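The values are calculated or read from the model by the stated rules, or taken from the named source; none is laboratory data. In this text the structure is predicted, and so the values were computed from the model without any measurement. As a convention, Cβ positions derive from the backbone with ideal geometry for all residues, glycine included, and neighbour counts pool all protein chains shown.
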Amino acid sequence: MTTEYLLRKELEHVLAALMPQNALIVETVLQTGLRISDVLELKTSDLKNSMWVREKKTGKKHRCGLKNDLLRRILAQAGPVWAFPGRKAGEHKTRQAVWADVKRAAAAFRLPQNIGTHSFRKVYAVDLLVKYGDLPRVQRAMGHSAPSITAIYAMADHLMESKHPGHVKSDLT
């Protein structure tokens with residue numbers, strides 16, 4: 001089942017309910033647009049305000065940035081190798097662990113949509129489209145090969161409205 005978009009209010013609730021490290025991971029996705037697997041493979045030594053990341057799925061290089069506050073908070077909990085260390089020594093956090101925490105947080109608020117770690121990339125895409133109003137720019141930022149794929153992400157708020165009528169409109173305050 002495809003993951004869906006979250007409203008800003010729902011996003012804030014989910015972030016508040018996540019374990020602290022998982023909340024940082026999600027904030028990193030929201031700020032960079034990277035896939036969860038790429039965020040989890042960030043090395044502590046590579047963390048900068050502006051950095052290049054090679055996407056695991058596509059092999060493409062993606063330029064992204066971390067604002068000072070987020071960078072500082074990530075570094076405060078980072079391990080010697082991995083920005084987001086896992087339970088086992090020398091390994092990074094698993095995407096399954098983050099996914100399970102996201103699912104738990106979404107269930108706690110009884111959200112009607114299917115939320116997963118990929119939902120946060122949809123929030124990133126919608127935010128970019130609202131900010132710039134330029135689908136090709138969002139496509140480049142997302143690293144998509146086709147504008148049709150980007151349109152699905154960038155219009156996620158509208159798609160959610162069609163699946164859950166009235167849900168989006170209630171958040172416009």
Out of 34, 42, I need the residue that is in contact with a strand residue (DSSP E or B) (Cβ under 8 Å, 6 or more places away or on another chain), closer than 15 Å to residue 141 by Cα and touching a residue at least 24 places away in the same chain (Cβ under 8 Å). Which one? 34
Can residue 121 be described as part of a helix (DSSP H, G or I), touching a Lys or Arg at 6+ places or on another chain (Cβ under 8 Å) and either hydroxyl-bearing (Ser, Thr, Tyr) or surrounded by 12 or more Cβ atoms within 10 Å (Cβ to Cβ) (or both)? yes
Has the range 3-20 got any residue that is among the β-branched types (Val, Ile, Thr) and either at pLDDT below 95 or under 17 Å from residue 75 (Cα atoms) (or both)? yes
Residues of the range 64-80 being in contact with a strand residue (DSSP E or B) (Cβ under 6 Å, 6 or more places away or on another chain) and either among the aliphatic types (A, V, I, L, M) or over 25 Å from residue 142 (Cα atoms) (or both), which ones? 79
Of the residues in the range 121-157, those that are small (Gly, Ala, Ser) and at pLDDT below 85 come to 133, 141, 143, 145, 146, 148, 151, 154, 156
Mind counting the residues in the range 5-36 that are within 17 Å of residue 113 (Cα to Cα), surrounded by fewer than 22 Cβ atoms within 10 Å (Cβ to Cβ) and not hydrophobic (A, V, I, L, M, F, W, C)? 5
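For the condition modelled with pLDDT of 95 or more and either surrounded by 13 or more Cβ atoms within 10 Å (Cβ to Cβ) or among the small types (Gly, Ala, Ser) (or both), what is the one hit in 75, 71?
71
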Test: residue in the range 78-91 that is surrounded by fewer than 21 Cβ atoms within 10 Å (Cβ to Cβ), assigned to a helix (DSSP H, G or I) and among the basic types (Lys, Arg): no
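Has the range 49-58 got at least one residue that is surrounded by fewer than 12 Cβ atoms within 10 Å (Cβ to Cβ), touching a Gly at 6+ places or on another chain (Cβ under 8 Å), over 25 Å from residue 112 (Cα atoms) and not β-branched (Val, Ile, Thr)? Working first, answer last.
Start the filter on the range 49-58 by keeping residues that are surrounded by fewer than 12 Cβ atoms within 10 Å (Cβ to Cβ), which leaves 49-50, 52, 54, 57.
The next check asks that each one be touching a Gly at 6+ places or on another chain (Cβ under 8 Å); those that pass are 49-50.
From what's left, over 25 Å from residue 112 (Cα atoms): 49-50.
Retained after the next criterion (residues that are not β-branched (Val, Ile, Thr)): 49-50.
Yes: one or more hits.
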Report every pair of residues separated by at least 6 positions or lying on different chains whose Cβ atoms are under 9 Å apart, first residue within the range 60-83 and farther than 10 Å from residue 47 by Cβ, second of a type in the set (Lys, Arg). 60/54; 61/54; 62/54; 65/48; 81/43; 82/43; 82/93
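Is the range 101-118 home to any residue that is of a type in the set (Val, Ile, Thr), within 17 Å of the chain's Cα centre (by Cα) and at pLDDT 95 or above?
Kept after step one, since they are of a type in the set (Val, Ile, Thr), are these residues of the range 101-118: 102, 115, 117.
Next cut, within 17 Å of the chain's Cα centre (by Cα) only: 102, 115, 117.
Cutting the leftovers down to at pLDDT 95 or above gives us 102.
Yes; the residues of the range 101-118 include at least one that is of a type in the set (Val, Ile, Thr), within 17 Å of the chain's Cα centre (by Cα) and at pLDDT 95 or above.
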On the basis of being of a type outside the set (Val, Ile, Thr) and either in contact with an Asp or Glu (Cβ under 7 Å, 6 or more places away or on another chain) or in contact (Cβ under 8 Å) with a residue 24 or more places away in the chain (or both), does residue 108 make the cut? yes
